[in-house]
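Here the structure is laid out as structure tokens; the discussion comes afterwards.
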Amino acid sequence: GNSVTQMEGPVTLSEEAFLTINCTYTATGYPSLFWYVQYPGEGLQLLLKATKADDKGSNKGFEATYRKETTSFHLEKGSVQVSDSAVYFCALRSPGGKLIFGQGTELSVKP
Amino acid sequence: SAVISQKPSRDICQRGTSLTIQCQVDSQVTMMFWYRQQPGQSLTLIATANQGSEATYESGFVIDKFPISRPNLTFSTLTVSNMSPEDSSIYLCSVGRDQETQYFGPGTRLLVL
């Protein structure tokens, strides 16, 4: 069945550091891939998405490229800010619309 | 995107009681879903809310415990029945319009004592 695996957290970085959160998936075909972010005490917000191989999703300085060769969708940001502290979820869309989420990675950015 | 509201935003309930959570969208959407996020965990789909018909439940979730209604294309409710402390979670509705992207409501934080 379809599944998503994320790197375990928590991840602690200093402000302006480079961020990578790894995400790999198992799926039949080529599902759409997503990154969602959950700030403390809030619901999920869509951060970025990619709908086909080699697509690059980007938003708010975050980027992720759909790599079918490595079945990966790693999230990157060149310079993190304290305000980026949140939990990040990688997800894929199954047929019928169901989202399958990874376990989430907590990011803490220190000034 | 869609503007999604949920009521209540949080509640504290006694075991054995039931709570109904409402999800309202500002425009018509084709798909509505209900997810559960247990403390410190990821999200798990409870069911797909189907307009005018019975919801489609995921493995491990049953209609008697989580009855769902969806009377139109902008509104749905999820009831958590006969609650126990294990039901303490965040319950989130999500909506999809373009068959690709889902947007989430702010969630309902439930604590069962």
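Computed values, structure above
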read-out: Dipole magnitude (debye, nearest 20) for the protein assembly as shown, charges at Cβ of Lys, Arg, Asp, Glu; value: 300 debye
read-out: Cross-link reach list, lysines versus A:Lys49, counting only Cα pairs under 23 Å and skipping chain neighbours closer than eight places; value: A:Lys60, A:Lys68, A:Lys77, A:Lys98
read-out: Where only alpha carbons of the protein assembly as shown are counted, the Rg and the Dmax (Å); value: 17.6, 52
read-out: Cleavage-rule hits (GluC sites (Glu not before Pro)) in segment A:27-102: DSSP loop, at most 14 neighbouring Cβ within 10 angstrom; value: A:Glu42, A:Glu69
read-out: Interatomic Cα distance distribution for chain B, bins of 10 angstrom, percent; value: 15, 51, 30, 4
read-out: Net length gained if the chain between A:Ala17 and A:Thr71 were fully extended (0.36 nm per residue, minus Cα distance); value: 16.9 nm
read-out: For segment B:19-27, Karplus couplings with θ = phi - 60° (6.51, -1.76, 1.60), whole Hz, Gly/Pro x; value: 9, 9, 9, 9, 10, 10, 10, 7, 7
read-out: Computed over segment A:26-111, Kirkwood Rh from alpha-carbon pairs, angstrom; value: 13.4 Å
read-out: Inter-centroid distance (Cα atoms) of segment B:85-113 relative to segment A:1-16, Å; value: 21 Å
read-out: Taking chain B and dividing mean pair separation by its residue count, relative contact order in percent (alpha carbons under 8 Å, at least six apart); value: 37 percent
read-out: Segment A:1-44: relative contact order in percent, alpha carbon pairs under 8 Å with at least 6 residues between; value: 42 percent
read-out: Heavy-atom accessible surface of segment B:20-113: percent carbon and sulfur, 1.4 Å; value: 50 percent
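The values are calculated or read from the model by the stated rules, or taken from the named source; none is laboratory data. It should be emphasised that the depicted structure is a prediction, and the values quoted were computed from it without experimental measurement. Virtual Cβ from ideal backbone geometry, glycine too; neighbours counted across all protein chains shown. With ligands, DNA and RNA removed, areas are computed over all heavy atoms of the protein, side chains included. Shrake-Rupley method; radii C 1.70, N 1.55, O 1.52, S 1.80 Å.
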